[in-house]
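Written out below as structure tokens is the structure these notes cover.
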Amino acid sequence: MTVRVVAATWHRMIVDEAFAAQVWRDPGAALAGRDLTAKERGWLAGLDPRAVALEGGRATNLLAALIPAFPVSAVWLVGVDLRRFLSSAEMECVVEGRGVAADEFGRWLSARASASADPRAAAVVKIETASLEAQRLRPGNGGSGLALSRACVLLDLPVGAVAAWQELATWVGDPVEALRHPERRPPACAGLGPGLETAAVVGRPNGATVEVLGDTVATWLRSLDGSATRAELVAGLALYDLSEQEAAEVLDDALAAGWLHARDGTT
């Protein structure tokens, strides 16, 4: 059995009612050009419409479960076209077991963002993809010293991207409810700066936080290799023209914000 072709055809029947109806009405024409045996064609044409409809409902439920992970991308960037994901090549990867649903949804959204003329689009998808990644990660063990938390993802974005995403997130509110009102107009794009800003995306039990970092803090965080103790880091921050007290406050703030992880009880 050509499993991939059968799976892809079955999936399209689930998400494309018109195609499914054609398979049942005229399987020869509907399945023309597909690498299927006569037995496989007969199996597809003989599928119970009630079972196909049930699976279609499950596909819709999967899409509904993905939307909260990418609320701004789903509502603002795609909106009423969201169901197109279910008939996409990325969704076929999920059906065939070659991809994880959330990751493939993110790739599909990224492709949509690349085709958008709005400069906010790519940054919005990047932020929400990083938020998902950060929620999957947890501070690691082993080694000694203080290190960048594995639940913290650092992103370089156009200046103003985080503020634009936050404004759009406020406009979206509840993404499921927002999708019921496609007539709502989103805030206009005020433009993004020519430079870059660094954002720290930190995974939390119920989501992720996104915060723009100052250049000094961003450079410092990227320099950490996990081997320095607290005292060594405070001393090292003197290179950034900070007093010992200021350096200690920066370190405490970084730990409280979840940017750093203290390995093996480092002090």
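Which of the helices in the chain meet the span-like rule: DSSP H, Cα axial reach of 15 Å or more, Kyte-Doolittle mean at least -1.0? Let's see the in-between values first.
Numbers: long enough: 3-15 (18 Å, 1.00); 49-66 (26 Å, 0.52); 101-114 (20 Å, -0.36); 120-136 (25 Å, 0.05); 161-172 (16 Å, 0.82); 244-257 (20 Å, -0.01).
Going by DSSP H runs, the hits are 3-15, 49-66, 101-114, 120-136, 161-172, 244-257.
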Quiz item: Shape call for region 140-209 from the C-alpha gyration tensor, a ≥ b ≥ c root eigenvalues: rounded (a/c under 1.5), prolate (a/b greater than b/c) or oblate?
Solution: oblate
Practice problem: Among (1) 1.30; (2) 0.97; (3) 1.06, find the value of Cα Rg over 2.2 N^0.38 Å that was calculated from the structure presented, and write down its label. | Solution: (1)
Quiz item: Which of 100, 114, 19 sits closest to the plus end of the dipole of region 1-138, meaning its Cα is farthest towards the positive end, when Lys and Arg get +1 and Asp and Glu get -1 on the C-beta?
Solution: 100
Quiz item: Mean residue ellipticity at 222 nm from the helices of the chain, using -39,500 (n - 2.57) per DSSP H segment of n ≥ 4 over the full residue count, to the nearest 500 deg cm²/dmol?
Solution: -15500 deg cm²/dmol
Quiz item: Listing 25, 107, 120 from the residue with the fewest other Cβ atoms within 10 Å to the one with the most, what is the order?
Solution: 25, 107, 120
Quiz item: Relative contact order for the chain: what is it in percent, counting Cα pairs under 8 Å that are at least 6 residues apart?
Solution: 19 percent
Quiz item: When the Karplus curve 6.51 cos²θ - 1.76 cosθ + 1.60 is applied with θ = phi - 60°, which whole-Hz ³J(HN,Hα) does each residue of region 69-79 get, with x for Gly and Pro?
Solution: 6, 9, x, 6, 4, 5, 7, 7, 7, 10, x
Quiz prompt | Cut-off 18 Å, label 7 Å out along Cα→Cβ of residue 53, residues of region 21-40 by amide N | solution = 21-25
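We did not get these values from a lab; they are worked out from the coordinates using the rules stated. Just so we're clear, the structure is a prediction, and the values are computed from it rather than from any experiment. Every residue, glycine as well, gets a Cβ built from its backbone with ideal geometry; the counts of neighbours run over all protein chains shown.
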